1. Within 16 Å of the ligand (Cβ to nearest atom) and touching a helix residue (DSSP H, G or I) at 6+ places or on another chain (Cβ under 9 Å) - does that describe any residue in segment 43-52?
2. List every residue pair whose Cβ atoms sit under 6 Å apart, with the two residues 6 or more apart in sequence or on different chains, where the first one lies in segment 59-78 and is in contact (Cβ under 8 Å) with a residue 24 or more places away in the chain and the second, anywhere, is away from the ligand (no atom under 15 Å from the Cβ) and among the acidic types (D, E).
3. Which one is surrounded by the most Cβ atoms within 10 Å (Cβ to Cβ) among residues in segment 168-183 that are within 16 Å of the ligand (Cβ to nearest atom) and of a type in the set (A, V, I, L, M, F, W, C)?
4. Considering only residues that are of a type in the set (S, T, Y) and under 20 Å from H179 (Cβ atoms), which ones fall in segment 1-40?
5. Out of A194, A164, A209, which single residue is away from the ligand (no atom under 16 Å from the Cβ), farther than 30 Å from G92 by Cβ and touching a residue at least 24 places away in the same chain (Cβ under 8 Å)?
6. Would you please list the contacts, defined by Cβ atoms under 6 Å and residues six or more apart or on different chains, that run from a residue in segment 315-327 that is in contact (Cβ under 8 Å) with a residue 12 or more places away in the chain to a residue that is β-branched (V, I, T)?
7. Quick test for you: out of A300, A351, A258, pick the one residue that is under 24 Å from T236 (Cα atoms) and free of Cβ contacts under 8 Å to residues at least 24 places away in the same chain.
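Derivation of every value follows stated rules applied to the coordinates shown; laboratory data play no part. What you see is a predicted model; the values in this text were computed from it and never measured. No Cβ is skipped: glycine too gets one built from the backbone with ideal geometry, and neighbour counts run over all protein chains shown.
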Amino acid sequence: MKSLFQPVQLGRLHLPNRIVMAPLTRNRAPDAIPTPLMAQYYAQRASAGLIISEATAITHQGQGYADVPGLYSTEQLDGWKRVTDAVHGQGGRIYCQLWHVGRVSHVDLQPDRQQPVAPSAITARTKTWLKKADGTGSFVATSEPRALDAGELPGIVQDFRHAARHAVTSAGFDGVEVHGANGYLLDQFLKTGANQRHDDYGGTIPNRARLLLEVMRAVVEEIGAERVGVRLSPVTPANDIADEHPQPLFEYVVRELAGMGLAYVHVIEGATGGPREVDGRPFDYAALQRAWREAGAKGAWMVNNGYDRRLAEQALEHGADVVAFGRPFISNPDLVERLRANAALADIDKATLYGGGAQGYTDYPALK
Ligand code: 8OZ
């Protein structure tokens, strides 16, 4: 029987357990620069088999929220180096989640107040978070995006490639996870609700998957497949995203990914941070995993969303290799030990999730 506490190989890394810290946006990086407080926060959680960093913008154009970190300036890379050094100093391992928000942004967050970019000029009915001059935050509707010209897409692929290179060289990450989920740019291209293009990047499933697959090939070529993962969310409604036929779309995507030799595929089951079943959006995750394996994939299968120890052990029985926990890691820095001991888990304080300082961030205690 597979156990959460058994080691596993993930790409180049030997993980001492199968418990992964999921990427968690916390909006504590003023000017997009990771802080010493962030280094402390991640180091406190270094007993995770693997930490995946909060989503990190690959370019200024890829930014969609106040105070989320970036990976495109020297100060940002230096800030991340302090984080990865702190995690490694505690014996941990950390990947960087590479992020382009696409249409989930606001002109105030974009270079020269330009429109955010998207596959098609369709505004997402969702909110982003801005900071006012006095430092207080507010939720605001996303801005109307402009459709990317096909001629701009090679530049976006290059932006992912460069971010991956900088993540593992300058910033000291052990690898990268491409954010292909939650209604952000790559998911916008994948799904019919946001992609109404008539060129090679819209219409058929292979066309809609083209940008994601080009990004994956470029990142793999740049840093090696054994340092690369990808996150997918077939049916999440997050950020106003939807697809008419997610099952064949995602089975195509994982079959195409299978030959790349990736470290892992990370699947959000259901609504991100919400129910595992989404009304009107049935999905067969076992069939998805089979499609990946039958296409010859050797990498790890990572599952996420609402897991506890019992559900996680069931998932391992059903072929998952690792399980990513999100919110439990916020309020339980020693989540691995608590799961091992079957100890009670502390609840999160919702008021301190996004923005602020140490409170609700680095002050959750470990068990004595
Ligand atoms: C919560 C708030 C803002 C962004 C995601 C990067 O859902 C996010 C995110 C989550 O993937």
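1. Step one: filter segment 43-52 for residues within 16 Å of the ligand (Cβ to nearest atom), giving 51-52.
Keeping just the survivors that are touching a helix residue (DSSP H, G or I) at 6+ places or on another chain (Cβ under 9 Å) gives 51.
Yes, that holds for at least one residue.
2. T59/D159
3. Taking segment 168-183 and keeping what is within 16 Å of the ligand (Cβ to nearest atom), we get 176-183.
Imposing the further condition that a residue be of a type in the set (A, V, I, L, M, F, W, C) reduces the set to 176, 178, 181.
Values: V176: 31, V178: 27, A181: 28.
Selected residue: V176.
4. Filtering segment 1-40 down to residues of a type in the set (S, T, Y) leaves 3, 25, 35.
The answer is T25, and nothing else.
5. Details: A194 fails: away from the ligand (no atom under 16 Å from the Cβ); A164 fails: farther than 30 Å from G92 by Cβ.
Just a single option satisfies the conditions, and that option is A209.
6. Within 6 Å, the pairs are A315/V303; A315/V323; A320/V303; D321/V8; V322/V20; V323/V303; A324/V20; R327/I348.
7. On the way: A300 fails: free of Cβ contacts under 8 Å to residues at least 24 places away in the same chain; A258 fails: free of Cβ contacts under 8 Å to residues at least 24 places away in the same chain.
That would be A351, the only listed residue that is under 24 Å from T236 (Cα atoms) and free of Cβ contacts under 8 Å to residues at least 24 places away in the same chain.
Matching residues to (1) more than 30 Å from H166 (Cβ to Cβ); (2) in contact with a strand residue (DSSP E or B) (Cβ under 7 Å, 6 or more places away or on another chain):
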| site | (1), (2) |
| --- | --- |
| V220 | no, yes |
| G229 | no, yes |
| L232 | no, yes |
| A238 | no, no |
| H245 | yes, no |
| V254 | no, yes |
| L257 | no, yes |
| V267 | no, yes |
| P275 | yes, no |
